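Everything below concerns the one structure shown next.
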Amino acid sequence: MVDAVIQRVEVGARPRQRSSLRKHMQRKSTVAFFMALPLILLIALLVIYPALYSLHLATLNKSMQRFVGLSNFTFLFKRETFWMVVQQSCIFAITAVIFKAIIGFFVAHFVHNIPAKGQRKWRGMLLVPWVIPPAMSCLAWLWLFDPSYSAFNWILAKFGIGAIPWTGDAYWARFSVILINVWIGAPFFMIMYLAALKSVPEQLYEAAAIDGANWWQRMWYVTLPMMRNIIAITALFSLIVTFANFDIVRIITAGGPIDKTHVFATWSFWLGIQGGDIPLGACVSLFMVPILAIAATFILRDINRRGSEV
Amino acid sequence: MAVATVASAKGAASRPRYGSMSRNRTWALRWSYFFLVLFAIFFLLPPVYMLITSLKTSQEISAATNPWWVFHPTLENYRGLLTSNEYLTFFRNSALVSVFVVSVTMLISVPAAFALSRMKFWGSATLATGVFLTYLIPETLLFLPLFKMFAMFKEATDIELINRWWVLLILYPTLTVPFCTWIMIGYFASIPKELDEAALIDGASWMQTLTKIFIPVALPGLIAATIFAFTVSWAQFLYPLAFTTSVDQLVLPVGIITSLVKADVYNWGQIMTGALLGAAPPLIIYAFLMDYYIAGLTAGATKG
């Protein structure tokens, strides 16, 4: 009897539910599309279109009226400055990412080592360089590097070391911009690695300790494999951001001395906005694409893989 | 007997080892603190030096005294800047741009993230990946074509976009929306399906599900995304440098650099004060909402 009642109720309810469900499903995708529409428009109009447009721009002459094919590219290949920029961009990005990763890794370990009570305070303090807008902190560095009033040189003078031309000499200027980039970026690595360290189960270390593993073995066989994903993805993210960096070089050296510190972004700004040759500038910035594409492919693969694991 | 010897030898060996282990740990702790102090000095040196310089007079800055100490502290630089119309204009422009950009970003990215994470439609998976890829495209690749596009827009419609502060309202969302959408997709995806199913069965519309269930539950993510959008639009340097030039249209980062550095005469006291005040809003937000800030920072790569 009870069964029959339930059956009847179900039968009675089903047709209405199904039709409303179907209507719902039909409406659902439309509603979803409209909810995502502003995002689609924004990406299409202000990201995808300009990105493709820059390909077209790179094939125009300076006044942007005549199609010149690849002659902007051949013109660049013949200029010594261009190859210097390629070299400097690679040195800048690779050195900075490596040092950021190393410093971030060790600082994360130091923070992880101390009692949990004080970790928050230290973490908060060490992330400050990342929080300050880069343009503002670069001004502080510029002042610290001032040719005549450098506060660093004042300290060095106390130790009897002569003044260092932080931004005046090509090699020191290259060192300075990398130093600032490491200063800004290392805290980000520290935070990411700290999060990764916290996610390593304590049991693994206990098991390793019981097996008699020393500090180095624990690091090599437990910590690093567990952190590998985060290390890779953070480094790739940072590689993209560092490779495309603009603020630091622009403010500290503006590309000088004699174009020795220009990276792709600052040189294309210099040519395109200040020099008024937009096609040539667009052409220079296009050379960032290969490295960005490679890094993006790896990141995407990693994220998709992790998505399917979960 | 042999067993007994082994056991006693083991006991003898293991007892001092416990002691050495705890001693090792103490030393590891001391070294950790030592290096942490060292790195904290390195990381905090520039902001501290900004503060030191901002409290000095021009005479003291150009004197040959110890640059790391303030002998005659003064608030003259702060008074000078906070009463200068120019600086207040920069600050106002920055604040307006950031507030508008944060609102626009949230209005675009929250519904989009909801649609992409819960209401599958044709191409939604591709779009989610696309959103992530756009986040990886740097602004240094786009500013020249955008500049040219806006110039052509002026020719076509006679509406001038370049050298207006509100042009930044169009530009900044390209930086903030992809990332915010991406982390909101992650936060929304972590909400159990039963929750919105229950709401739908109770007769809630999709919009109600979003506003009554998803936004309150994913509030920490929403705060993290808001903080991100604010800090990005406050700190952005390339777009305002390329797209705005008149003094009254500048935002803080560009304003300080182009207008306080007058004709190669650097008034470092004022520049440092301006930079410090410009860095203050993100720092204050960070100080109060540190956990959300860090959650947003790690969400980009750890959620997905």
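The values are calculated or read from the model by the stated rules, or taken from the named source; none is laboratory data. The shown structure was predicted, so the numbers you read here are calculated from the model rather than taken from an experiment. Here Cβ is always computed from backbone atoms with ideal geometry, including for glycine, and neighbour counts include all displayed protein chains.
Conditions tested, residue by residue: (1) within 21 Å of the chain's Cα centre (by Cα); (2) assigned by TED's automatic domain parsing to the domain that holds B:VAL251; (3) not charged (D, E, K, R).
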position: B:LEU38; (1), (2), (3): no, no, yes
position: B:THR53; (1), (2), (3): no, no, yes
position: B:PRO67; (1), (2), (3): no, no, yes
position: B:VAL99; (1), (2), (3): yes, yes, yes
position: B:LEU136; (1), (2), (3): yes, yes, yes
position: B:LEU144; (1), (2), (3): no, yes, yes
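Residue pairs whose Cβ atoms lie under 7 Å apart, sitting 6 or more positions apart in sequence or on different chains, and linking a residue in segment A:91-114 that is facing chain B (nearest Cβ under 10 Å) to a partner that is in a helix (DSSP H, G or I) and polar (S, T, N, Q), are A:PHE110/B:SER32; A:VAL111/A:GLN119; A:ASN113/B:SER32; A:ILE114/B:SER32.
Every residue in segment A:262-283 that is assigned to a helix (DSSP H, G or I) and touching a Leu at 6+ places or on another chain (Cβ under 6 Å), please.
Residues satisfying the conditions are A:LEU271, A:GLY272, A:ILE278, A:PRO279, A:LEU280, A:GLY281, A:ALA282.
On inspection, A:LEU224 qualifies as free of Cβ contacts under 8 Å to residues at least 60 places away in the same chain and either touching a Lys or Arg at 6+ places or on another chain (Cβ under 7 Å) or surrounded by fewer than 17 Cβ atoms within 10 Å (Cβ to Cβ) (or both).
Being outside any loop (DSSP other than H, G, I, E, B), at pLDDT below 85 and β-branched (Val, Ile, Thr): is that true of A:ILE155 here?
In short, yes.
What about A:GLY276, is it in the same structural domain as A:ILE94 (by TED's automatic domain parsing), over 18 Å from the mean Cα position of the chain (by Cα), free of Cβ contacts under 8 Å to residues at least 24 places away in the same chain and under 26 Å from B:PHE150 (Cβ atoms)? No, not satisfied. Note on segment A:122-142: residues that are more than 7 Å from chain B (Cβ to nearest Cβ) and either in contact with a Ser or Thr (Cβ under 9 Å, 6 or more places away or on another chain) or part of a helix (DSSP H, G or I) (or both) total 4. So is B:LEU144 facing chain A (nearest Cβ under 8 Å), within 17 Å of A:LEU42 (Cα to Cα) and in a helix (DSSP H, G or I) or not? Here the answer is no, as B:LEU144 does not meet what is asked.
Rundown of residues vs (1) in contact with a Phe, Trp or Tyr (Cβ under 8 Å, 6 or more places away or on another chain); (2) within 30 Å of A:LEU236 (Cβ to Cβ); (3) at pLDDT 85 or above; (4) not in a loop (DSSP other than H, G, I, E, B), yes/no style:
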{"site": "B:PRO216", "(1), (2), (3), (4)": "no, no, yes, yes"}
{"site": "B:TYR239", "(1), (2), (3), (4)": "yes, yes, yes, yes"}
{"site": "B:THR258", "(1), (2), (3), (4)": "no, no, no, yes"}
{"site": "B:GLY274", "(1), (2), (3), (4)": "yes, no, yes, yes"}
{"site": "B:ALA279", "(1), (2), (3), (4)": "no, yes, yes, yes"}
{"site": "B:LEU283", "(1), (2), (3), (4)": "no, yes, yes, yes"}
{"site": "B:TYR286", "(1), (2), (3), (4)": "yes, yes, yes, yes"}
{"site": "B:ILE294", "(1), (2), (3), (4)": "no, yes, no, yes"}
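Could we say that A:TYR149 is touching a helix residue (DSSP H, G or I) at 6+ places or on another chain (Cβ under 9 Å), within 11 Å of chain B (Cβ to nearest Cβ), in a loop (DSSP other than H, G, I, E, B) and of a type outside the set (Asp, Glu) here? Yes, satisfied.
Only one of the numbered conditions (1) farther than 30 Å from B:LEU219 by Cα; (2) of a type outside the set (Val, Ile, Thr); (3) outside any helix (DSSP H, G or I) is not met by B:LYS120, and that is (1).
So is B:THR105 touching a Pro at 6+ places or on another chain (Cβ under 9 Å) and either more than 30 Å from A:LYS62 (Cβ to Cβ) or of a type in the set (Ser, Thr, Tyr) (or both) or not? Taking the combined requirement at face value, the residue satisfies it. With the requirement that a residue be more than 10 Å from chain B (Cβ to nearest Cβ) and either within 22 Å of A:THR167 (Cα to Cα) or of a type in the set (A, V, I, L, M, F, W, C) (or both), what does segment A:262-286 give you? Scanning segment A:262-286 gives A:HIS262, A:TRP267, A:TRP270.
Can you pull out the residues in segment B:42-56 that are of a type outside the set (A, V, I, L, M, F, W, C) and more than 7 Å from chain A (Cβ to nearest Cβ)? Result: B:SER54, B:LYS56.
The set of residues from segment A:148-161 being aromatic (Phe, Trp, Tyr), more than 14 Å from B:THR65 (Cβ to Cβ) and within 34 Å of the chain's Cα centre (by Cα) comprises just one member, A:PHE152.
Any residue in segment B:188-203 that is closer than 21 Å to B:VAL102 by Cα and either touching a residue at least 12 places away in the same chain (Cβ under 8 Å) or within 12 Å of another protein chain (Cβ to nearest Cβ) (or both)? Scanning segment B:188-203 turns up at least one residue that is closer than 21 Å to B:VAL102 by Cα and either touching a residue at least 12 places away in the same chain (Cβ under 8 Å) or within 12 Å of another protein chain (Cβ to nearest Cβ) (or both). When A:GLY124, A:GLY212 are checked against the criterion of being over 23 Å from A:THR242 (Cβ atoms), at pLDDT 85 or above and surrounded by fewer than 17 Cβ atoms within 10 Å (Cβ to Cβ), A:GLY124 stands alone in meeting it.
Of the residues contained in segment B:166-173, one or more are found to be more than 24 Å from B:ALA299 (Cβ to Cβ), away from every other protein chain (no Cβ under 14 Å) and surrounded by fewer than 22 Cβ atoms within 10 Å (Cβ to Cβ). For segment B:147-165, taking the residues that are buried (at least 16 other Cβ atoms within 10 Å of the Cβ) and part of a helix (DSSP H, G or I), the one that is farthest from the other protein chains (Cβ to nearest Cβ) is identified as B:PHE150.
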